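One structure is given below, encoded as structure tokens.
The values are calculated or read from the model by the stated rules, or taken from the named source; none is laboratory data. All of these numbers come straight from a predicted model, not from anything done at the bench. Note: ideal-geometry Cβ built from the backbone for every residue, glycine included; neighbour counts use all protein chains shown. What goes into the accessible areas is simple: the full protein's heavy atoms, side chains included, and nothing from ligands, DNA or RNA. Shrake-Rupley method; radii C 1.70, N 1.55, O 1.52, S 1.80 Å.
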Amino acid sequence: RSRAILPAAHMVVRLRLARFGRRHKPSYRIVAADARFKRDGRCIEQVGSYDPIPRPGGFKEVRLKEDRIKYWLSVGAQPTRPVQRLLGMASLIPKAPYRPLTKRHIPKKDRVQEFSSSAALRSCFSQSDRVPLAGSMVLLGRLVNPL
């Protein structure tokens, strides 16, 4: 089965990491690739490389073709989060704000609690209070709609 490739005007290009190297010794190429292609699959152009294993001085090696990266960003290529972090450190784009993927850095008493059953949610409120819908969240004792 063959797949037709869309014209360049409709193609979503991403700047992302393609993994190379061997087991337990990864190295990555920073590539411009169609968003539909596999992570290590076909790419349009290689625009840099990244070695995540620290060198003897404690530095990680990043090589970038700045002119090509600026070109791809100018035509609308979207960097993935890891590439966005690397480009931010190289001052090619503004640094992205830190967005943790987990909530473990927040003390348990301040975390948002999600309830899947209405019985668990009712136990948080007195009988005189209006009982919200199941699936809502309680943030610091107040009801927050998930929408």
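Is there a residue being without any contact (Cβ under 8 Å) to a residue 60 or more places away in the chain, outside any helix (DSSP H, G or I) and more than 24 Å from residue 12 (Cα to Cα) anywhere in segment 39-50?
There is no residue in segment 39-50 that is without any contact (Cβ under 8 Å) to a residue 60 or more places away in the chain, outside any helix (DSSP H, G or I) and more than 24 Å from residue 12 (Cα to Cα).
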Name the single residue, out of those in segment 3-18 being aliphatic (A, V, I, L, M) and open to solvent by less than 70 Å² (accessible area, probe 1.4 Å), that is modelled with the lowest pLDDT. 11
Would you check which residues across segment 19-72 are out of contact with any Asp or Glu (no Cβ under 8 Å at 6 or more places or on another chain), open to solvent by less than 70 Å² (accessible area, probe 1.4 Å) and of a type in the set (Asp, Glu) and list them? 34, 45
Sole residue being in contact with a Cys (Cβ under 9 Å, 6 or more places away or on another chain), at pLDDT below 90 and at negative phi, chosen from 59, 37: 37
Mind checking whether some residue in segment 82-98 is on the phi > 0 side of the Ramachandran plot, polar (S, T, N, Q), modelled with pLDDT of 80 or more and surrounded by fewer than 16 Cβ atoms within 10 Å (Cβ to Cβ)? yes
